[in-house]
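Report on the structure given below.
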Amino acid sequence: MTFSGVASAHIIEMPAFYIPFIDYNLNFGAMLTIVPIALVTMVEHVGDHKVLSEIIGRDLLQDPGLDRTLLGDGIATTVAALLGGPANTTYGENTSVVGMTRVASVYVIGLAAIIAIIFAFSGHLTALLTAIPSPVLGGISILLYGFISVNGLKILIHNHVDFTNTKNVVVAATMLVLGLGGATLSITYGDLSLAISGMSLAAIIGIILNLCIPEEKHE
């Protein structure tokens, strides 16, 4: 772990913002590449809110409603993209943090967001976070992704999923391997390319298998 970047950083540094039509022009070819990914993030969004509902004991798909949460997700991601930031879609890692800390207050999360924005202007803090060793981040990731898996299993148990049914075993096993194993599906057609991985790929394949595999007939 090296702190050389911390010493050379400025106390206050302006993050790199990108302004549409000034720093870049809109690329509609790139938009066509990204648009299909919106369907993937929608699937992940539903899954994350289902897990959150289980954690806090409240059906978020009904209150405030899936329409409102998807709208907020889309607006946040659009604004972030226009300013050169990463997608602000719902991440399973954040769901895990809520599960581990047991803190799901909107006010606490809002305050954390404000603090994060303030910290983004601190050159020393940014450099310090960058200096965190990869093994440390890896250890945190094990807990986060493990918690995602455990919460998913809790939902299956809560809904009394019958695992004596071969169809349920096949669907669940396939989703676990794809979601936790880092599988990636890449589709390339000319200049357009699309890569689906992790929870998104697992959710899509799970839905397809559930529709395609016939139900067992019990005599």
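The values are calculated or read from the model by the stated rules, or taken from the named source; none is laboratory data. Note that the structure is predicted; figures quoted are calculated from it, not measured. Every residue, glycine as well, gets a Cβ built from its backbone with ideal geometry; the counts of neighbours run over all protein chains shown. Protein only, heavy atoms only, side chains kept; ligands, DNA and RNA dropped before computing areas. Shrake-Rupley method; radii C 1.70, N 1.55, O 1.52, S 1.80 Å.
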* Being within 24 Å of M199 (Cα to Cα), part of a helix (DSSP H, G or I) and of a type outside the set (S, T, Y) is the filter here, so list the residues in region 93-124 that pass it. => E93, N94, V97, V98, G99, M100, I109
* **Of all residues in region 131-176 being polar (S, T, N, Q) and under 21 Å from the mean Cα position of the chain (by Cα), the one that is most open to solvent (accessible area, probe 1.4 Å)** => S134
* To do: State all residues of region 11-36 that are part of a loop (DSSP other than H, G, I, E, B) and touching a residue at least 40 places away in the same chain (Cβ under 8 Å); if no residue qualifies, say none.
  => I11, E13, M14, P15, A16, F17, Y18, I19, D23
* **Residue match in region 160-171 (condition: in a helix (DSSP H, G or I), at pLDDT below 85, within 25 Å of T41 (Cα to Cα) and in contact with a Gly (Cβ under 9 Å, 6 or more places away or on another chain))** => no
* Scope region 188-219; condition in contact with a Ser or Thr (Cβ under 9 Å, 6 or more places away or on another chain), aliphatic (A, V, I, L, M) and either assigned to a loop (DSSP other than H, G, I, E, B) or modelled with pLDDT under 75 (or both); matching residues -> L192, L194, I213
* Structure fact -> By residue number, the members of region 74-92 that are closer than 28 Å to I155 by Cβ and either assigned to a helix (DSSP H, G or I) or in contact with a strand residue (DSSP E or B) (Cβ under 7 Å, 6 or more places away or on another chain) (or both) are G74, I75, A76, T77, G92
* Structure fact -> Among (1) out of contact with any Gly (no Cβ under 9 Å at 6 or more places or on another chain); (2) open to solvent by 80 Å² or more (accessible area, probe 1.4 Å); (3) modelled with pLDDT of 80 or more; (4) more than 23 Å from S200 (Cα to Cα), A7 falls short only on (3)
* Could you tell me whether region 83-100 includes any residue that is charged (D, E, K, R) and exposed (fewer than 12 other Cβ atoms within 10 Å of the Cβ)? => no
* Structure fact -> Per the filter on region 53-68, residues open to solvent by less than 50 Å² (accessible area, probe 1.4 Å), modelled with pLDDT of 85 or more and either in contact with a Ser or Thr (Cβ under 8 Å, 6 or more places away or on another chain) or of a type in the set (K, R) (or both) are L60, L61
* Selected residue (criterion: modelled with the highest pLDDT) from residues of region 10-30 that are under 30 Å from L201 (Cα atoms) and open to solvent by less than 80 Å² (accessible area, probe 1.4 Å) -> L26
* To do: Find the residue count for region 177-201, including only residues that are open to solvent by 40 Å² or more (accessible area, probe 1.4 Å), within 30 Å of F28 (Cβ to Cβ) and of a type in the set (A, V, I, L, M).
  => 5
* Asked: Exactly one of (1) part of a loop (DSSP other than H, G, I, E, B); (2) under 29 Å from Y189 (Cα atoms) is unmet by L39. Its number?
  -> (1)
